[in-house]
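The structure under discussion appears below in the form of structure tokens.
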Amino acid sequence: MSERCWLVKTEADCFSIDDLAASPGQTTCWSGVRNYQARNFMRDEMSLGDRVLFYHSNDEPSAIVGTAVVARKGYPDHTAWDPKDVDHFDPKASPANPIWQMVDIRLESIFAEPLPLELLRTVPALKKMELLRKGSRLSVQPVTPAEFDAVLQLALSLEKRGTARPSTAAARSNSAAPKSGRAKTAGTTSSGKKQISRSGSSTTRSAEKVRRSAVRK
């Protein structure tokens, strides 16, 4: 089966690409998806090595900020039967009947500059992209290889202009403490955060990060 491409959405103040970079092995489980179509994509179609666009939703501005790869195929989402995880608990789910699925994703690159929706809409090759379709809300979406390549080319063109992207962590250093969520220990990154050219300087983050995530639709 040929490699497929995807886009995943996350609220940047819940779990950003910088949080992914700070996760052990720069890898995390993509839990909390509570939409059947998005679940089916993860369960039935996402494969090891598939490439992923990482999208910050409800940000200023909302934008594609980097890439990842699928590091583990779909498996049961244990948050569904954890009553302490109030955002993701589903009383109908159990280990015997998990209902919901998740995959693991691993960081591949962080773009030098975010690619906001307004900019993406100017690219002819992206005119049919699911992300740009009016009313599109799925947190896990298929992306064609041509669309994926067009996004990478756009990121490279901005990087060549020398525009630097401020860290989302730095941008939120003065934000309020997380309201709720489950703890996620963040280790030092093994290879540093990578620019799209994979030659940028590395930045590491340590200590404990609380992962707050609203239910992903």
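Applied to segment 90-100, the Karplus parametrisation 6.51 cos²θ - 1.76 cosθ + 1.60 on θ = phi - 60° returns per-residue 3J(HN,Hα) values of 10, x, 7, 8, 7, x, 7, 9, x, 6, 9 Hz, with x for Gly and Pro.
Can you give the net charge of the other residues whose Cβ lies under 14 Å from the Cβ of Lys134, counting K and R as +1 and D and E as -1? Residues close to Lys134 contribute a combined charge of +4.
Here each label is just a point 7 Å from Cα along the line to Cβ, and for Asn40 and His78 those points are 2.8 nm apart. How charged is the neighbourhood of Arg4? Take every other residue with its Cβ under 11 Å from the Cβ of Arg4, and add Lys/Arg as +1 and Asp/Glu as -1. Around Arg4, the charge tally is -2. Exposure proxy shown here: for Arg4, Arg121, Arg106, the number of other Cβ atoms within 10 Å sets the order, fewest to most, as Arg121, Arg106, Arg4. Arranged from fewest to most other beta-carbon atoms within 10 Å of their beta carbon, Asp87, Asp18 become Asp87, Asp18. Computed over neighbours whose Cβ is under 15 Å from that of Asp50, the net charge equals -1, Lys and Arg +1, Asp and Glu -1.
Taking 29 Å as the limit for the C-alpha separation, the pairs Lys128/Lys160; Lys84/Lys134; Lys9/Lys84; Lys92/Lys134; Lys9/Lys127 exceed it in the case of Lys84/Lys134; Lys92/Lys134.
Computed from the coordinates by the stated procedures, all read-outs in this text should not be read as laboratory data. Everything numeric here is computed off the predicted structure, so don't read it as measured data. No Cβ is skipped: glycine too gets one built from the backbone with ideal geometry, and neighbour counts run over all protein chains shown.
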